[in-house]
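Coordinate-derived values only; no laboratory data. This one's a predicted model, so the numbers in the text were calculated from it and none came from an experiment. So basically every Cβ, Gly included, is an ideal-geometry build from the backbone, and we count neighbours across all protein chains shown.
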Amino acid sequence: MKILVTGGAGFIGSAVIRNLMLNTQHEVVNVDCLTYAGNLSTLAAVSNNERYAFEQVDIREADDIQDVFLRHQPDAVMHLAAESHVDRSIDGPGAFVQTNVVGTYNMLEASRRHWLSLSDRKETFRFLHVSTDEVYGSLGSDGYFTEETPYDPSSPYSASKAASDHLTRAWQRTFGLPVLITNCSNNYGPFQFPEKLIPLTIMNALAGKPLPIYGKGENVRDWLFVDDHVRALVAVLERGRIGQTYNVGGNSERQNIEVVQTICRLMDELSPHDQHRPHEKLMTFVQDRPGHDQRYAIDATKLKRELGWVPAESFKSGIQKTVQWYLDNQAWCRQAVADRYAGERLGLKV
């Protein structure tokens, strides 16, 4: 099977491609425009594989996307390309609308035209749209997001992803395009761009910089190790029911302050000679994010029941692997952010 992966140079997309290249015989076409968060070095281990191809194409350019379909004739699409950082969506929501909404529309239309042109492969074609649990809004102190939870997005980012989810469902219901949707909780792991909480905390701690904690640090997220997420995505693509949504969560709820404290303690342990120990002394409370959702928690029962997926990593094992990877790959981290992001606070424009 030839799979077209959008956003394949990003954090989750590159993990998807590494998995497909190393653990399956599928062919992969990586479509990525290489924004600040795109990094082809994440694919160094597989980029010379004869089953891999790269197209530097922006999903906002409909004609260019159509050309990719005509050249490569994929059997399936895994659509991960997106602007994804909530803070950046507050500073500049327009880019999120263009990429996440217009870009998804372009992908759906190109996929629909391609699907209609197929003959013997038409019945097996799939379009998997990868989304977020943030479309559901905020939970109280109890309860979980299910696939039936009403949408209630709070940020420009989550609103743009909610719109793209609705477009995807509409293309299935109106045009018959065989689609699947996944909504995942917060991912973490190797190769994540250091603007997100976990890698930013690690990189700042290494440099002896303040570790910013929004508000009181009491906001809760369900943390999902990226490789577990990738296994779920491949399972949904290969065996999921057309037209269905599957929630993917790590069953690892933590307050943000607990996450930062855990990282600090691990770094104290793994870097016993670091001059900045104990790292918890670097923790700094800062102004909260506008519209900051209080709690996310995923019920992944449907995914487990139908496809047999469960996360392999606990938060304890996953965060230790993650911290160790960043400690071992500091040169990659510095190069990833060079001339792109200096660790400054984003998302305060209101």
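So here's what we get for this one:
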item	result
Paramagnetic reach from residue 284 in the stretch 329-346 [backbone N under 19 Å; point 7 Å along Cα→Cβ]	341-346
Debye intensity ratio I(q)/I(0), log10, the stretch 235-324, q values 0.11, 0.26 Å⁻¹ (C-alpha model)	-0.50, -1.27
Debye, to nearest 20: dipole size of the chain, +1 on Lys, Arg Cβ, -1 on Asp, Glu Cβ	240
Farthest positive-ward along the stretch 56-141 dipole, Cα basis, beta-carbon charges - from 56, 79, 132	79
Filter on 122/302; 2/161; 122/316; 122/321 - keep pairs with C-alpha separation over 32 Å	122/316; 122/321
Kirkwood hydrodynamic radius over Cα pairs of the stretch 128-184, then Stokes diffusion coefficient at 37 °C and 0.692 mPa s, in µm²/s	276
Hull-based mean projected area of the stretch 53-111, where the convex hull spans the alpha carbons, in square nanometres	4.2
Nitroxide proxy distance, nm - points 7 Å out along Cα→Cβ at residue 277 and residue 244	4.9
The stretch 1-85, dipole about Cα centre (Lys/Arg Cβ +1, Asp/Glu Cβ -1), debye to the nearest 20	360
Under the Debye formula (equal points on every Cα, no solvent term), log10 I(q)/I(0) of the chain at q = 0.11, 0.12, 0.13 Å⁻¹	-0.71, -0.85, -1.00
Over the chain: helical MRE at 222 nm, DSSP H runs n ≥ 4 each giving -39500 (n - 2.57), nearest 500	-12000 deg cm²/dmol
Computed lengthening from residue 294 to residue 23, 0.36 nm per intervening residue step minus Cα-Cα distance	93.8 nm
Vicinal HN-Hα couplings computed from phi for the stretch 296-309 (Karplus, 6.51 cos²θ - 1.76 cosθ + 1.60; Hz; Gly/Pro x)	10, 7, 9, 9, 9, 4, 4, 5, 5, 5, 7, 10, x, 7
At R0 = 45 Å, FRET efficiency that the Cβ-Cβ distance of residue 91 and residue 123 yields, to 0.05	0.50
Charge-dipole axis of the chain as Lys and Arg at +1 and Asp and Glu at -1 on Cβ define it, positive-most pick from 108, 23, 203	23
Distance between modelled label sites at residue 75 and residue 330, nm, 7 Å Cα→Cβ extension	4.5
Taking the stretch 89-173 and dividing mean pair separation by its residue count, relative contact order in percent (alpha carbons under 8 Å, at least six apart)	42
Over the stretch 20-163: Kirkwood hydrodynamic radius from C-alpha pairwise inverse distances, Å	16.9
Cα-based reach from residue 209 at 20 Å (exclusive), listing aspartates and glutamates while leaving out same-chain residues under 8 positions away	87, 195, 258, 268, 269, 274, 280, 288, 328, 339, 344
Taking the chain and dividing mean pair separation by its residue count, relative contact order in percent (alpha carbons under 8 Å, at least six apart)	18
